[in-house]
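Take a look at the structure set out below.
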Amino acid sequence: MQTYITVLRGINVSGQKLIKMDALRSALETLGLNKVTTYIQSGNIVFQKDESNCASLESMIHSVIADKFGFDVKVLVLTKEYLHSIADNNPFVNDRNEDIAFLHTTFLSEQPSDVLFEKLRTVDYGTGEFLLGDKAVYLFCTKGYGNTKLSNTFFESKLKVTATTRNWRTVNELLGIAKNI
């Protein structure tokens, strides 16, 4: 069995696309997902499945959410190994030891082109700093994520990919759940 982490974009935020986690777990279990565990209310799911294709899992989960809840939700499925690599390679933790309260990771549906990413690096956005990782952007939001221009929508429009962000504590909690499932 493979262990996967799914991060959904935009559910249970500001009263939009409300999905109860027990209902979501039940819906996902109908797909044959095992040991389905959710973390907080913002679309973080850990599960196991005999499947090796993340894109196929994304499609299945997207479809069941649309069918059961009526929402078109962006779905990213990550392997436990990938999430472990993201956690191990955060330059704001490893190289600079920044306060984790200001750290976030924006997960990307695919690696953006170097040209698009380099265009972003030429501008000072004032409320944060970012570095590109493997299908992820490491964020250091000096005034908090709620006060930065470096949002999911920003990265989606500039990098032409799907993006969803989690704070550093959540990244580590999801990794812990994935290790113990």
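The values are calculated or read from the model by the stated rules, or taken from the named source; none is laboratory data. Quick caveat: nothing in here was measured; it's all calculated off a predicted structure. For neighbour counting, all protein chains shown are included, and Cβ atoms are generated from backbone atoms with ideal geometry for every residue, glycine included.
Structure notes:
- Within the stretch 1-24, the residues that satisfy the criterion of being under 18 Å from Ala66 (Cβ atoms), polar (S, T, N, Q) and either assigned to a strand (DSSP E or B) or touching a Pro at 6+ places or on another chain (Cβ under 8 Å) (or both) are Thr6, Gln16.
- Selected residue (criterion: surrounded by the fewest Cβ atoms within 10 Å (Cβ to Cβ)) from residues of the stretch 43-53 that are at pLDDT below 95 and not polar (S, T, N, Q): Asp50
- Test: residue in the stretch 72-89 that is modelled with pLDDT under 95, farther than 26 Å from Thr30 by Cα and exposed (fewer than 15 other Cβ atoms within 10 Å of the Cβ): no
- Selection count where residues are at positive phi and assigned to a loop (DSSP other than H, G, I, E, B), scope the stretch 25-70: 4
To keep it simple, each residue is scored yes or no on (1) closer than 17 Å to Ile5 by Cβ; (2) of a type in the set (S, T, N, Q); (3) crowded, with 19+ Cβ neighbours inside 10 Å; (4) out of contact with any Lys or Arg (no Cβ under 8 Å at 6 or more places or on another chain).
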{"position": "Ser109", "(1), (2), (3), (4)": "yes, yes, yes, no"}
{"position": "Thr127", "(1), (2), (3), (4)": "no, yes, no, no"}
{"position": "Gly133", "(1), (2), (3), (4)": "yes, no, no, yes"}
{"position": "Asn147", "(1), (2), (3), (4)": "no, yes, no, yes"}
{"position": "Ser151", "(1), (2), (3), (4)": "no, yes, no, yes"}
{"position": "Thr165", "(1), (2), (3), (4)": "yes, yes, yes, yes"}
{"position": "Arg169", "(1), (2), (3), (4)": "yes, no, no, yes"}
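- For the stretch 114-130, the set of residues classified as under 29 Å from Leu57 (Cβ atoms) and under 19 Å from the mean Cα position of the chain (by Cα) consists of Phe117, Phe130, listed by residue number.
- The criterion of being modelled with pLDDT of 95 or more, polar (S, T, N, Q) and out of contact with any strand residue (DSSP E or B) (no Cβ under 7 Å at 6 or more places or on another chain) holds for Thr30.
- Verdict on Ile100 being surrounded by 12 or more Cβ atoms within 10 Å (Cβ to Cβ), at positive phi and out of contact with any strand residue (DSSP E or B) (no Cβ under 6 Å at 6 or more places or on another chain): no
Quick grid of which residues meet (1) not assigned by TED's automatic domain parsing to the domain that holds Asn44; (2) not small (Gly, Ala, Ser):
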residue	(1), (2)
Ser63	no, no
Asp67	no, yes
Leu78	no, yes
Asp95	yes, yes
Asp99	yes, yes
Gln111	yes, yes
Thr153	yes, yes
Leu159	yes, yes
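- Long-range neighbours under 8 Å by Cβ, at least six apart or interchain, first residue touching a residue at least 60 places away in the same chain (Cβ under 8 Å) within the stretch 88-104, second part of a loop (DSSP other than H, G, I, E, B) and of a type outside the set (S, T, N, Q): Asn90/Gly133; Leu103/Cys141; His104/Cys141
- Options Phe130, Phe140, Phe107, Phe102: the member that is in contact with an Asp or Glu (Cβ under 7 Å, 6 or more places away or on another chain) and within 15 Å of Thr165 (Cα to Cα): Phe140
- For Ile40: the one exception among (1) closer than 19 Å to Ile177 by Cα; (2) crowded, with 17+ Cβ neighbours inside 10 Å; (3) among the hydrophobic types (A, V, I, L, M, F, W, C): (2)
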